[in-house]
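The block underneath contains the structure these notes are about, expressed in structure tokens.
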Amino acid sequence: MNGKIKAIIWDLDDTLLDTTQLLIPIARTPAFEKRIREPLPLLDGALENLKALHGRYLFFLLTYGRTEAQQAKVASLGIAPFFRAQYFADPSKQETKSMYFKRIPSEWGLAPHEVLSIGNRRSSDINEAKSQGLQTCLFLYGEHQDEPILSAFDQPDFETPSHQELVARCRL
Ligand SMILES: [Mg+2]
């Protein structure tokens, strides 16, 4: 149905990686710094989706957080080869995901509506992407599930409770 989607921008924390269970309990401790450098598991079903979809859509990774830590997580997950490019929105430089949702389609010659943002945070993965004209899929998982709907941009085009249902729910 959404034949016009040509690319997917994946969020990392609580979309591909189980941040809420594995890392939130040890956040801001030395154990966190150690854990993100050891092999990390993907969320259940995530690898299957990455494998099944990456030949059909251009894949990008867009994650917000301390860049050095986010890069360590990607390395530990071993998922770098799936992505054409990885983007790290750096809070220390006052960056947001919004600027990347604007930049990625133009950088890759895509119309905004040909790009699907998949992520667990309504306020960034959905709102900031929709505001730039992208399609959106809310991944219903993790510590931020109670973010309220404050505007039309907070309402995703699709939502899924799991990776197992993602392909059907997002009509990919
Ligand atoms: Mg996330």
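The values are calculated or read from the model by the stated rules, or taken from the named source; none is laboratory data. Since the model is a prediction, treat every value here as computed from it, not as a measurement. Ideal geometry is used to build each Cβ from the backbone, glycine not excepted, and the neighbour counts take in all protein chains shown. Ligands, DNA and RNA are excluded from the accessible area calculation, which covers all protein heavy atoms including side chains. Shrake-Rupley method; radii C 1.70, N 1.55, O 1.52, S 1.80 Å.
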For the stretch 92-114, give me each residue that is within 16 Å of the ligand (Cβ to nearest atom) and among the small types (Gly, Ala, Ser).
Ser98
Of all residues in the stretch 79-117, which are out of contact with any helix residue (DSSP H, G or I) (no Cβ under 7 Å at 6 or more places or on another chain), within 23 Å of Asp14 (Cα to Cα) and among the aliphatic types (A, V, I, L, M)?
Ala85, Met99, Ile104, Leu116
All conditions in (1) of a type outside the set (Gly, Ala, Ser); (2) part of a loop (DSSP other than H, G, I, E, B); (3) open to solvent by less than 70 Å² (accessible area, probe 1.4 Å); (4) more than 13 Å from the ligand (Cβ to nearest atom) are true of Leu150 except (3)
Test Ala129 against the stated conditions and say whether it is of a type in the set (A, V, I, L, M) and touching a helix residue (DSSP H, G or I) at 6+ places or on another chain (Cβ under 7 Å).
yes
Take the conditions closer than 24 Å to Tyr100 by Cβ, in contact with a His (Cβ under 7 Å, 6 or more places away or on another chain) and within 16 Å of the ligand (Cβ to nearest atom) and apply them to Ala89. Does it pass?
no
Give the stretch 1-50 a look and list any residue that's small (Gly, Ala, Ser), open to solvent by less than 10 Å² (accessible area, probe 1.4 Å) and either more than 17 Å from the chain's Cα centre (by Cα) or under 14 Å from Cys170 (Cα atoms) (or both), or say none.
Ala7
Of the residues Leu138, Leu62, Leu166, which single one is without any contact (Cβ under 8 Å) to a residue 24 or more places away in the chain, within 15 Å of the ligand (Cβ to nearest atom) and either buried (at least 22 other Cβ atoms within 10 Å of the Cβ) or among the basic types (Lys, Arg) (or both)?
Leu138
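Inside the stretch 115-135, can you point out the residues that are assigned to a helix (DSSP H, G or I) and either within 11 Å of the ligand (Cβ to nearest atom) or open to solvent by less than 30 Å² (accessible area, probe 1.4 Å) (or both)?
Arg122, Ser123, Ser124, Asp125, Ile126, Ala129
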For the stretch 94-113, indicate whether the set of residues that are in a strand (DSSP E or B), β-branched (Val, Ile, Thr) and either open to solvent by less than 10 Å² (accessible area, probe 1.4 Å) or closer than 20 Å to Lys4 by Cβ (or both) is non-empty.
no
